[in-house]
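First up is the structure itself, then whatever we jot down about it.
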Amino acid sequence: MEKAIIGGTGVYDVADKVVQKKVETKYGTVEVDVVTVEGEDIVFLARHGKEHGVPPHLVNYRANIMALKQLGVKYIYATAAVGSLNENYPPGSVVILKDFIDFTKSRPLTFFEGEDGIVRHVDMSDPYCVNLRGKFIEAAKKEGLTVKGEAVYVCTEGPRFETASEIKAYKMLGADVVGMTNVPEIVLAKELGMCYAAVGIITNWATGLIAASSGPVSLREITSAIEINKEKVIRTFIRVFTE
Ligand code: HPA
């Protein structure tokens, strides 16, 4: 099974007919669904668990990525619910991630802990697979999904939302969108030599931006914004994977 989809907040399944599988890894057990479309097996993994039970800083990223590797996965598309720092990307829009800035603090962040006496530094010059990004943009047009543009993602530790001053600082650093999960997920995928691309589904203005008057961000607001786009995003992933 070479192809996988990691569903973030609000994206907990891809199809009605799936085969459930449990994968044992040295980091823990991971449950995945396998869906067969046009003869192609696609692995689906709900990042936070099916009930959104695991908060972003406690997701077992190493188990998740290792499980996909053990299944033979080479290509991963992920969804990420994000807040927007860029006026051109209002809530409801979809962007493709092109780079990240890491502000996480306390997560296991590598498979390379030096047990084998070898120090490894993985290249991050193009963290998000250029090939998968291009294919997503092409396929999105055919699905009638507008991709607003490419975005720099800042990953915060969570689970709290950011302060207005933090968002101001991240904006100055060049971030377009903010979320809590893409690091270390992408780093781990890259360490294992997998091609990884992620689509940001914009659910809200980041704290203190534009619609500050609309009040604090809620999980409910986030999941309902995701509902609007998730079908098309998943259909686009599947289109790329079955073409
Ligand atoms: N901040 C961090 N993570 C998020 C946000 C946000 O505003 N919206 C959705 N995920």
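Among the residues making up the stretch 98-115, a single one is among the charged types (D, E, K, R), surrounded by 15 or more Cβ atoms within 10 Å (Cβ to Cβ) and part of a loop (DSSP other than H, G, I, E, B): Arg107. Taken over the stretch 19-63, residues that are surrounded by fewer than 14 Cβ atoms within 10 Å (Cβ to Cβ) and part of a strand (DSSP E or B) amount to 8. Within the stretch 90-106, being modelled with pLDDT of 95 or more and either within 16 Å of the ligand (Cβ to nearest atom) or closer than 29 Å to Glu31 by Cβ (or both) holds for Val94, Val95, Ile96, Leu97, Phe100, Ile101, Asp102, Phe103, Thr104, Lys105.
The values are calculated or read from the model by the stated rules, or taken from the named source; none is laboratory data. What you are looking at is a predicted structure, and each value in this text was computed from that prediction instead of being measured. Quick reminder, even Gly has a Cβ in these numbers, built from the backbone with ideal geometry, and neighbours come from all protein chains shown.
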